[in-house]
1. Within segment 25-51, how many residues turn out to be under 12 Å from residue 96 (Cβ atoms) and either open to solvent by 50 Å² or more (accessible area, probe 1.4 Å) or charged (D, E, K, R) (or both)?
2. From (1) touching a Gly at 6+ places or on another chain (Cβ under 8 Å); (2) open to solvent by less than 30 Å² (accessible area, probe 1.4 Å); (3) more than 25 Å from residue 12 (Cα to Cα), pick out the condition that doesn't hold for residue 296.
3. Go through 287, 269, 327, 301 for me and flag whichever is on the phi > 0 side of the Ramachandran plot and open to solvent by less than 70 Å² (accessible area, probe 1.4 Å).
4. Provide a single number: the residues in segment 145-155 that are touching a strand residue (DSSP E or B) at 6+ places or on another chain (Cβ under 9 Å) and not in a strand (DSSP E or B).
5. One residue is enough: does segment 173-180 have a residue meeting the conditions within 18 Å of the chain's Cα centre (by Cα) and either modelled with pLDDT of 95 or more or within 14 Å of residue 217 (Cβ to Cβ) (or both)?
6. Of the conditions (1) open to solvent by less than 50 Å² (accessible area, probe 1.4 Å); (2) part of a strand (DSSP E or B), residue 160 satisfies every one except a single condition; which number is it?
7. Residues of segment 75-85 being open to solvent by less than 50 Å² (accessible area, probe 1.4 Å) and more than 19 Å from the chain's Cα centre (by Cα), which ones?
8. If a residue counts only when it is at pLDDT 95 or above and hydroxyl-bearing (Ser, Thr, Tyr), which strands (runs of 3 or more DSSP E) contained entirely in segment 1-96 have at least 2 such residues?
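The values are calculated or read from the model by the stated rules, or taken from the named source; none is laboratory data. Just so you know, these numbers come straight off a predicted model, no measurement behind them. Neighbour counts are summed over all protein chains in view; Cβ atoms, including those assigned to glycine, are modelled from backbone coordinates with ideal geometry. Just so you know, the surface numbers come from the protein's heavy atoms only, side chains and all, with ligands and any DNA or RNA stripped out. Shrake-Rupley method; radii C 1.70, N 1.55, O 1.52, S 1.80 Å.
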Amino acid sequence: MGPLPDLIPICEHGSWGYIDRTGKVVIRPSFTMARPFRNGLACVNVGGQTGRSETDIVGGKWGFIDPSGAYAFPARFDEAFDFSEGLAAVNLGARTKYAAHDDFYYTDGGKWGFVDRSGNIAIPIKYDYVKSARGGLAPVCESGRCGYLRGDGEWEIPPTYSGASPFYEGFAVVRVGNRYGYINLAGDYLIQPRFELAYDFHKGLAAGHTADPYVWIFFDTAGNERFTAPEGTTHVGNFSEGLIMANLCKLERYNDGRVYPSGMCRSLGYLNDRGQWVIKPQFAWGGDFSEGRAWVKLDEGPYAYIRPDGSLLRTPQLESAATFENGLAAVRIAGKFALLDTHGKVFWSES
């Protein structure tokens, strides 16, 4: 296991706090939610309630604490993102709602802007939606149009898109109408909008989805197509540590003339950067590789972690699993929150 961050979020009996590198609790669990420290501050929620999972937070206020556990500035926001490039996206007036049909929580309403590490308003809280700044630019939407603001609040790329995502490796996904494409930091197109869904660049590869034919196409930062995912691939992940998560499902053409996945899709494996299976489809679901491990779900049974060769990591029986970060992953074992190291050993568990 590599070096740990100075403070690590933990959940104990429904409340969140932080431990240090030795596993000692240094910020007492007292928050409804506590996220990792970014840019020296951590985003926390107070007064909210958990939803269907401990990370789904309804209500309360969001604020930021420093490593001593003291508030850097008061918790007064109705939603907030972690700090990125010295700015944090915050919302006033939003409400968290539950979409029963899709089984997920989402933020509705309010206005968005950005604060700096002192809590000062860096970009006015007046926008319909924003995402975290990357590459010196923040995606911002106003009156149904999206573009990119600089840190001074001025438009670098005017709001001409139907949707916009953060920049990754110098490129960002944008939506025009109901099609997605990619632009560079100057606002020039790398790939014109032609996909029904598109994912960010990771390690020089990105993926776009077309509906007819129903395929995932992977391409590089020059815009050149590298390969298409195997026939029947309905979901893909990000290219990470040489592998790409991909899930197979039966495809059928419905009465509207479009092709859709049909039935239960339980054939997940991992591709290499040429679109070839390295770990054959065999899992019910899974995540991207990180720090040499990827979580997978074993049929209707427990979660597990696999290595890049597909072998299972020996662990306690896991009721949930998450991606590794800084040598640890948040899991549940026998109903308790725990942190697992990359060797499969429990680093910390709630009492």
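1. Of the residues in that region, 2 qualify.
2. (3) is the only condition that residue 296 fails.
3. Values: 287 fails: on the phi > 0 side of the Ramachandran plot; 269 fails: on the phi > 0 side of the Ramachandran plot; 301 fails: on the phi > 0 side of the Ramachandran plot.
327 is the lone residue from the list that is on the phi > 0 side of the Ramachandran plot and open to solvent by less than 70 Å² (accessible area, probe 1.4 Å).
4. Of all residues in segment 145-155, those touching a strand residue (DSSP E or B) at 6+ places or on another chain (Cβ under 9 Å) come to 145-153, 155.
Next, from what is left, pick out any that are not in a strand (DSSP E or B): 150-153.
Residues meeting the conditions: 4.
5. Applying the first criterion (within 18 Å of the chain's Cα centre (by Cα)) to segment 173-180 yields 173-174.
Retained after the next criterion (residues that are either modelled with pLDDT of 95 or more or within 14 Å of residue 217 (Cβ to Cβ) (or both)): 173-174.
Yes, there is a match, as at least one residue in segment 173-180 is within 18 Å of the chain's Cα centre (by Cα) and either modelled with pLDDT of 95 or more or within 14 Å of residue 217 (Cβ to Cβ) (or both).
6. Residue 160 satisfies every listed condition except (1).
7. Correct list: 75, 77, 78.
8. Working: elements: 8-12, 15-19, 25-31, 33-38, 41-46, 61-65, 71-77, 88-92.
Those strands (runs of 3 or more DSSP E) span 15-19.
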